[in-house]
């Protein structure tokens with residue numbers, strides 16, 4: 001099945017502790033149906049000091065389930081479902097079902 005959410009997409013969180021937040025997809029892990037979104041699901045990671053880095057507590061993004069994400073509509077930024085259509089030149093593209101706008105130009 002074609003991917004409805006891809007790296008670089010603007011997405012909105014639908015459920016969970018970060019509900020309503022928006023961000024850019026940094027990484028998609030299809031095998032686990034999860035994604036990493038910039039600024040969403042921030043967790044504290046305790047790191048041990050090494051020769052290259054100083055130890056301490058850093059904040060980083062954890063993965064979030066794809067079912068809790070929706071692509072942001074290119075027109076107004078609200079969550080939308082994604083559809084597929086084939087253009088006249090033969091390209092298969094994603095479009096926002098809310099407004100009809102193309103997601104991948």
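Between 17, 34, 91, where does the largest GNM mean-square fluctuation fall for the chain, given springs only between Cα atoms within less than 10 Å? Its mean-square fluctuation being the largest, the pick is 91. The gain in end-to-end length when the residue 52 to residue 19 segment is fully stretched comes to 8.2 nm, 0.36 nm per residue minus the alpha carbon separation. Full extension of the segment from residue 59 to residue 38, taken as 0.36 nm per residue of separation minus the current Cα-Cα distance, would add 6.4 nm. Under the simplified labelling scheme, the residue 2-residue 78 pair shows an inter-label distance of 2.5 nm, with each label point 7 Å from Cα along Cα→Cβ.
Length gained on full extension, residue 45 to residue 101: 16.2 nm, using 0.36 nm per residue less the C-alpha separation. With the chain treated as a Gaussian network of Cα nodes joined by springs under 10 Å, which of 60, 85, 19 yields the largest mean-square fluctuation? Its mean-square fluctuation being the largest, the pick is 85. Starting from the Cα of residue 93, step 7 Å toward the Cβ, then list every residue of segment 56-75 with an amide N under 20 Å from that point. Hits in segment 56-75 for residue 93 at 20 Å: 71-75.
Computed from the coordinates by the stated procedures, all read-outs in this text should not be read as laboratory data. Just so you know, these numbers come straight off a predicted model, no measurement behind them. As a convention, Cβ positions derive from the backbone with ideal geometry for all residues, glycine included, and neighbour counts pool all protein chains shown.
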